[in-house]
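Everything on this sheet refers to the single structure shown next.
The values are calculated or read from the model by the stated rules, or taken from the named source; none is laboratory data. On a predicted model such as this, the values are computed, not experimentally measured, just so you know. Cβ placement follows ideal geometry from the backbone for every residue including glycine, while neighbour counts extend to all protein chains displayed.
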Amino acid sequence: MDVTSIRKDFPQLTRFIRNKPIVYLDSAATSLKPIQVLEKEDEYYKKYCANIFRGIYDISEEATAEYEAVREITKNFFHSNDANEIIFTRNTTESLNLLAYSLYRGYLHKGDEVVSTILEHHSNFVPWQQLSPEYGVVFNYIGVTNEGELDVQSLSKVVTAKTKVFTFTAVSNVSGAIADVYDIVKRVRKISPSCFIIVDAAQAAPHMEIHVSGWGADAVACSSHKMLGPTGIGVLWVSARSSGHLKPFLYGGEMIKAVYKDRSEFKEMPHLFEAGTPHIAGVIGFGKAIEYLEKIGMEKIRRHEVDILSYAFSKFSKYKDITIIGPKDPRKRGGVIAFTVKGIHSHDVAQILNEDNICIRAGNHCAMPFHTALNIPSSARISFYIYTTRDDIDTFFRGIDRVKKVFS
Ligand SMILES: Cc1ncc(COP(=O)(O)O)c(C=O)c1O
């Protein structure tokens, strides 16, 4: 993978602040965007800006064709069997909320159980925690091992025959732990065969090849903005066999077949869940992001990530006062490393690094239950993508040395 030429596609990497370049180590929060994606979004606004599905004129048809082509591109990228299984939302958070609201309003009944995990991002924990009591549903979760991985051994104690929804992340945004999705889905199905299984792939989709149909789950959610695409676009894959369990989440234009005074008839998937004018330019730009990733190849992207992880780990090993959260084997984790520095708050670490334009995340990374389970208030986090270099890691460690000097 030619990282030097890849970096030329990312305008933000040429920016200087305080006469210093930017070292962007926060791609798990959002990735940078290549020029190809920005130009494609621009193309819609400049050349065929019209609403989709509605116009009986050329440019509206052109916009519709571009938009729908991305559904096909997305279907192929995630190895779905049918483009109608791809729903465009605003982000992973909306995809997961859509599932939650749709499932509570028909599929879930009083006394049923929803099981999540303690290492989830808030967007895959709070909707279930909040809605369960309203519908008389029991909310439970699986814990983590000392390594910061999902405690799969405890799954058979928490999941029961009454578990109607099981939802978990494929890659943790804190420990980076990669879950064995195939195995977990199998284990859950063995206990509760008709369980609706959801995979949060927000941190997996940008970094590794995903086979949504092969995973055997019922729904998968992710965000365009973490995989080189525009913000404001999410993907929700729902298997055709499971879509009947979902009631509409939003009512309005484009999801309607007919409206009478006393009732309405709705379209099928995916339009049933795409009410209103969507983020047309965003979807079209997202298609370009997928093409960009495909051109490099997901295998190469993953290999680059493991290389950067290994390099960072070898450097971290010299710092006895830094504790890394999650598995120590780079092959078992995604491109994030969250850590704590003894005696220094994560916000102080991030603030001092920022003086050298080193962009990292600090706090609980929207995973407060996970931090509580690990008995730490917060952590600092670096995360990587296709444009990250070993030089970036070296600069980061020079910054860490400065942080330690300031606090010594
Ligand atoms: C694992 C995981 N799930 C869900 C989300 C939410 O993504 P979004 O903010 O795009 O909705 C994130 C964001 O960081 C994440 O890391």
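Specify which of the listed residues (Glu209, Glu147) is more than 16 Å from the ligand (Cβ to nearest atom) and over 16 Å from Ile118 (Cα atoms).
Values: Glu147 fails: over 16 Å from Ile118 (Cα atoms).
Result of the check over Glu209, Glu147: Glu209.
If I ask for residues that are in a loop (DSSP other than H, G, I, E, B) and within 15 Å of the ligand (Cβ to nearest atom), which ones from segment 218-242 would you list?
Of the residues in segment 218-242, the ones in a loop (DSSP other than H, G, I, E, B) are 218, 227-233, 239-242.
Scanning segment 218-242 gives Met227, Leu228, Gly229, Pro230, Thr231, Gly232, Ile233.
Is there a residue being in contact with a helix residue (DSSP H, G or I) (Cβ under 8 Å, 6 or more places away or on another chain) and more than 24 Å from Cys366 (Cα to Cα) anywhere in segment 114-133?
no
Of everything in segment 1-54 that's within 23 Å of His225 (Cβ to Cβ), more than 22 Å from the chain's Cα centre (by Cα) and among the basic types (Lys, Arg), which residue is surrounded by the fewest Cβ atoms within 10 Å (Cβ to Cβ)?
Lys46
Among the residues that make up segment 357-375, is at least one of them buried (at least 19 other Cβ atoms within 10 Å of the Cβ) and among the hydroxyl-bearing types (Ser, Thr, Tyr)?
Checked against the condition, which is being buried (at least 19 other Cβ atoms within 10 Å of the Cβ) and among the hydroxyl-bearing types (Ser, Thr, Tyr), segment 357-375 yields no hits at all.
Of all the strands (runs of 3 or more DSSP E) wholly in segment 284-386, which have at least 1 residues that are at pLDDT below 95 and acidic (Asp, Glu)?
Numbers: elements: 322-324, 336-341, 361-363, 379-383.
Ranges flagged: none.
When you go through (1) over 26 Å from Ala170 (Cα atoms); (2) buried (at least 19 other Cβ atoms within 10 Å of the Cβ); (3) of a type in the set (D, E, K, R) one by one for Glu265, which number turns out not to apply?
Glu265 satisfies all of (1) over 26 Å from Ala170 (Cα atoms); (2) buried (at least 19 other Cβ atoms within 10 Å of the Cβ); (3) of a type in the set (D, E, K, R) except (2).
Does segment 55-101 hold any residues that are polar (S, T, N, Q), surrounded by 21 or more Cβ atoms within 10 Å (Cβ to Cβ) and away from the ligand (no atom under 16 Å from the Cβ), and which are they?
Within segment 55-101, Ser80 is the sole residue that qualifies.
In segment 341-356, how many are in contact with a helix residue (DSSP H, G or I) (Cβ under 7 Å, 6 or more places away or on another chain) and surrounded by 21 or more Cβ atoms within 10 Å (Cβ to Cβ)?
Residues in segment 341-356 being in contact with a helix residue (DSSP H, G or I) (Cβ under 7 Å, 6 or more places away or on another chain) and surrounded by 21 or more Cβ atoms within 10 Å (Cβ to Cβ): 2 in total.
Quick one: would you say Val235 is touching a Cys at 6+ places or on another chain (Cβ under 8 Å), among the aliphatic types (A, V, I, L, M) and within 29 Å of Gly334 (Cα to Cα)? Working first, answer last.
Working: touching a Cys at 6+ places or on another chain (Cβ under 8 Å): yes; among the aliphatic types (A, V, I, L, M): yes; within 29 Å of Gly334 (Cα to Cα): yes.
Spelling it out, Val235 is indeed touching a Cys at 6+ places or on another chain (Cβ under 8 Å), among the aliphatic types (A, V, I, L, M) and within 29 Å of Gly334 (Cα to Cα).
How about segment 47-82: which of its residues are free of Cβ contacts under 8 Å to residues at least 24 places away in the same chain and within 23 Å of Ser243 (Cα to Cα)?
Selection gives Glu68, Glu72, Lys75, Asn76.
Only one of these is out of contact with any Pro (no Cβ under 7 Å at 6 or more places or on another chain), crowded, with 19+ Cβ neighbours inside 10 Å and of a type outside the set (Ser, Thr, Tyr): Ala275, Ala312. Name it. It would help to see each step written out before you state the result.
Values: Ala275 fails: crowded, with 19+ Cβ neighbours inside 10 Å.
Testing whether each residue is out of contact with any Pro (no Cβ under 7 Å at 6 or more places or on another chain), crowded, with 19+ Cβ neighbours inside 10 Å and of a type outside the set (Ser, Thr, Tyr) leaves just Ala312.
Looking at Val144, Val159, can you tell me which residue is surrounded by 21 or more Cβ atoms within 10 Å (Cβ to Cβ), in contact with a strand residue (DSSP E or B) (Cβ under 8 Å, 6 or more places away or on another chain) and over 19 Å from Met368 (Cβ atoms)? Quick ask: steps written out before the conclusion?
Details: Val144 fails: over 19 Å from Met368 (Cβ atoms).
Of Val144, Val159, the one residue that is surrounded by 21 or more Cβ atoms within 10 Å (Cβ to Cβ), in contact with a strand residue (DSSP E or B) (Cβ under 8 Å, 6 or more places away or on another chain) and over 19 Å from Met368 (Cβ atoms) is Val159.
Can you pull out every residue in segment 130-175 that is outside any loop (DSSP other than H, G, I, E, B), under 15 Å from Leu108 (Cα atoms) and in contact (Cβ under 8 Å) with a residue 12 or more places away in the chain?
In the first step, residues of segment 130-175 are kept if they are outside any loop (DSSP other than H, G, I, E, B); the result is 130-134, 138-142, 144, 150, 152-158, 163-169, 171.
Those still in the list that are under 15 Å from Leu108 (Cα atoms) too: 130-134, 138-140, 163-167.
Across segment 130-175, the qualifying residues are Leu131, Ser132, Glu134, Val138, Phe139, Asn140, Thr163, Lys164, Val165, Phe166, Thr167.
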